[in-house]
Structure formats: C-alpha cells, structure tokens
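The values are calculated or read from the model by the stated rules, or taken from the named source; none is laboratory data. Computed from a predicted structure; not experimentally measured. A quick note on method: Cβ atoms are made from the backbone with ideal geometry, for glycine too, and the neighbour counts reach across all protein chains shown. Remember, those area values only see protein heavy atoms, side chains included, never the ligands or the DNA or RNA. Shrake-Rupley method; radii C 1.70, N 1.55, O 1.52, S 1.80 Å.
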Amino acid sequence: MPIDIQSLFLAGIFLLAFFYTLYFARVIFLPLVLALLLSFMLTPLVRSLKRLKVPEALGAALLLLLLLGGVFYGFYSLSKPASEWIAKAPETLKDIEYKLSKWKKPVEQVTEATKQAEKLAKIDDDNETQKIEAKKTAYSDILLNRTWEFVVETALIIILLYFLLASGDLFLLKLVRVLPRLKDKKRAVEIARQTERDISIYLLTISIINAGLGITIGLAMFLLKMPNPMLWGVMAGLLNFIPLLGAIVGIATVGLVAFSSFENIGHIILVPAAYFVIHAFESNFITPIVLGHRLTLNPAIVFFSLTFWAWIWGIPGALIAVPMMAIFKIICDHIEPLAPIGEFLGK
C-alpha cells in the first residue's frame with residue numbers, strides 16, 4: 001500500500017515530542033522506570049513471603065528496609081576510601097603527569113608552552129579572581145541542583161517501589177476484569193506471569209553475575225596489591241551493567257591507579273590486564289552460558305540502546321539501558337505480533 005505521508009509526519013512529531021518529554025521530565029520518568037525494574041526483581045520475594053502468611057504490605061516494607069539498609073551500609077563502607085581518592089585526585093594526576101613527562105621527547109615544547117601560559121596568566125591577572133569566584137558559584141549551583149534532584153528521585157523511587165510491591169496482583173486483576181472473553185483473560189494471565197518470571201530471573205541473574213565479577217576483580221586487585229581493592233571491585237560490578245563502555249572505563253581507571261601507585265612497568269600492565277581477562281571470561285563464557293541464547297541481545301542493539309539512554313538520562317540511563325532492552329525483548333517474545341521484533345533484538 002502507498003505510504004501515507006501525513007501519518008508518517010504525525011508519527012515523527014509524536015516521537016520527537018515523546019523523546020522531548022523523556023528528556024525534560026527525567027526527574028519523574030527515571031524513578032518510575034527504576035522502581036518498575038526493582039519491582040520485577042523483588043515481586044517473587046514478596047509472593048514467597050505471602051505464602052508464609054506475611055501480608056504483601058508488610059513484606060514489601062521488610063524488603064525495602066533490607067534493601068535500603070544494604071545500600072546505606074555499602075555507601076558507608078566505601079565513603080571513606082572513595083573520599084580519600086577524590087581528595088587525592090589532583091595529586092594523583094600530577095604524579096601521572098610527572099611519570100609521563102619522563103617518556104616525552106620534546107621537553108622544550110612543554111617548557112615553551114608553560115612559559116606562554118604564564119604570560120597569558122599575567123595578562124589576565126586582574127580578572128582572575130572574579131573569574132574563579134564566578135566559576136565556583138556556578139559549580140556550587142550545579143552541585144546543589146544535582147543534589148536536590150538526587151534526593152527527589154530517591155524519594156520517588158522508594159515510594160513508587162513500595163506501592164508497586166504492596167499492590168501485588170492488583171493491576172493484573174484489573175486487566176482480567178477489563179478483557180471481555182475468557183480466552184483473552186487466560187492468555188493475558190499466562191503472558192503476564194511468564195513475562196514477569198523471565199524478567200525477574202534475568203535481573204536477578206545479571207545482578208548475581210555482576211556481583212560475582214566485582215568480587216573476583218576485587219580479589220585480583222588485592223592479590224596485585226592495589227590500594228582499596230574493595231572499591232575497585234564494587235566499581236567493576238556496577239560498571240558491568242553498562243556493556244562495552246563499562247569495561248573500558250573500568251580498565252582505564254585501574255590502569256591509571258596502578259600507574260600512579262607502582263614503579264615497575266610489568267606490575268602496572270598486569271593490573272588492567274587482569275581486569276580485562278576476568279571481564280572477557282565473564283562476558284564471553286559465563287553470561288552466555290547462564291542466560292542462554294534467548295536472553296542474549298544483539299551487540300549493535302546494545303550499543304544503540306546505551307547511546308540513546310545515556311543521551312536521554314545520562315549515567316543512570318546507561319545503567320538501565322540494557323535491562324530495559326532485555327525486558328522489551330522478553331515482552332516481544334511472549335506477544336505473537338511482536339515476535340519478529342524480539343527475534344531482531346536477539347543475538
């Protein structure tokens with residue numbers, strides 16, 4: 001059939017408006033998506049507690065308390081080493097620059113560039129104080145805004161997650177009431193249960209794999225005498241939620257820390273090499289074997305999803321990009337008209 005230009009044009013406007021809304025209303029949509037992901041993962045635990053005669057509202061509250069307690073304990077345990085490394089960052093960069101300067105041949109060019117920078121600094125000496133103060137004010141405003149957004153988003157996630165867990169099967173029951181035929185009701189319950197089961201298994205499996213990767217890399221950093229190995233293990237586990245880019249950032253980070261901490265070139269190379277080998281083994285053997293072909297995503301689709309959601313929602317978007325794409329694939333696999341899309345998203 002001929003393409004309806006008007007419908008195509010309206011669809012394009014709708015997509016642009018949808019992306020615009022996602023970007024500028026991220027304070028609302030990001031907590032909602034995160035709460036949904038966590039609810040998929042924790043709902044089976046709430047049902048297990050319900051079988052033990054624990055009401056859903058109480059079970060949801062207990063799980064949230066355990067989750068928040070674990071998160072706060074993790075932040076408390078890592079806050080000291082993380083703050084120490086942040087405070088030492090300028091000194092570490094200077095140390096790295098000093099070591100690299102030994103390998104630079106055109107030392108004269110560096111000296112000349114330094115002299116020119118000093119001349120420019122003298123010329124702009126009168127305006128220096130005002131510029132620095134203006135920048136400090138701008139940075140403080142940005143930090144205050146980010147902190148306020150983080151507090152609001154965290155509160156929304158906790159509230160939404162509690163109501164999603166405490167509501168149980170309320171939304172499924174309402175869907176069953178709305179559908180007219182008994183056949184459609186049974187089909188809807190079957191699809192909802194299977195989809196929820198697959199999504200919760202996927203999220204729990206990925207979380208366990210990433211936790212195992214973090215523990216392994218933390219042990220490797222400990223054996224290689226890296227400072228604060230637990231910090232790098234946690235970093236590796238979190239970054240592994242971001243395929244491709246996460247591994248690059250992790251390898252580069254531990255490489256820079258090793259470069260600033262050790263003098264022996266062999267020891268320096270061994271640290272990022274160990275990270276690379278462990279991550280390669282996990283991504284090429286452990287994850288495909290555990291998840292299987294059905295839940296493995298096309299690498300091109302993964303890269304596109306990472307790019308898109310990182311552009312829309314920044315680092316949190318990059319963290320949840322792959323789980324959201326996997327959930328979309330699972331839903332497509334269970335709905336017959338969308339099965340070709342699910343096949344296209346698979347590896």
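For the residues PHE14, PHE18, PHE40, PHE9, the requirement of being under 20 Å from the mean Cα position of the chain (by Cα) and open to solvent by 50 Å² or more (accessible area, probe 1.4 Å) singles out PHE40.
Screening MET221 against (1) closer than 24 Å to ALA300 by Cα; (2) aliphatic (A, V, I, L, M); (3) touching a residue at least 40 places away in the same chain (Cβ under 8 Å) leaves a single unmet condition, (1). LEU58 satisfies every condition listed in (1) open to solvent by 80 Å² or more (accessible area, probe 1.4 Å); (2) at pLDDT 80 or above; (3) within 22 Å of the chain's Cα centre (by Cα) except (3). Listed by first and then second residue, the pairs linking a residue in the range 161-182 that is touching a residue at least 40 places away in the same chain (Cβ under 8 Å) to a residue that is open to solvent by 30 Å² or more (accessible area, probe 1.4 Å) and not aromatic (Phe, Trp, Tyr), with Cβ atoms under 6 Å apart and 6 or more places separating them unless they lie on different chains, are LEU161/LEU38; ALA166/GLU56; ALA166/ALA57; GLY168/GLU56. Meeting the requirement of 2 or more residues that are open to solvent by 60 Å² or more (accessible area, probe 1.4 Å) and modelled with pLDDT of 85 or more, the helices (runs of 4 or more DSSP H) wholly within the range 230-325 are 245-261, 265-281.
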